[in-house]
1. With each label point set 7 Å from Cα along the Cα-Cβ vector, what nm distance links S9 and I52?
2. How compact is the chain by the rule of thumb for globular proteins, expressed as Cα Rg over 2.2 N^0.38 Å?
3. Under the 0.36 nm per residue contour assumption, what length would be gained going from the current alpha-carbon distance of S34 and T2 to full extension?
Amino acid sequence: MTELTWLKSSFSEASGNNCVEVAATEDGAALRESDEPGRILTLPPEGLSALIVVIKQNPSP
């Protein structure tokens, strides 16, 4: 995998490692938690769209 440019979620804490990060890839997107940067979930565009739909339908309490 080529070097990725990670963006931190606007809902993440300003400091610390409690963040969700996303990066664009050649085939879609990559997601990771900043406290475990080696564990990366890659998704095609359709998979990312489906994930966003599910998250919006099931917001956390």
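Values quoted throughout were computed directly from the atomic coordinates according to the rules given, and no laboratory measurement underlies them. It should be emphasised that the depicted structure is a prediction, and the values quoted were computed from it without experimental measurement. With ideal geometry, Cβ positions are generated from the backbone for all residues, glycine too; neighbour counts draw on all protein chains shown.
1. 1.4 nm
2. Values: Rg = 12.1 Å, N = 61, 2.2 N^0.38 = 10.5 Å.
Cα-based Rg divided by the globular estimate yields 1.15.
3. Numbers: separation 32, 0.36 × 32 = 11.52 nm, distance 1.83 nm.
Contour length minus the Cα-Cα distance gives 9.7 nm.
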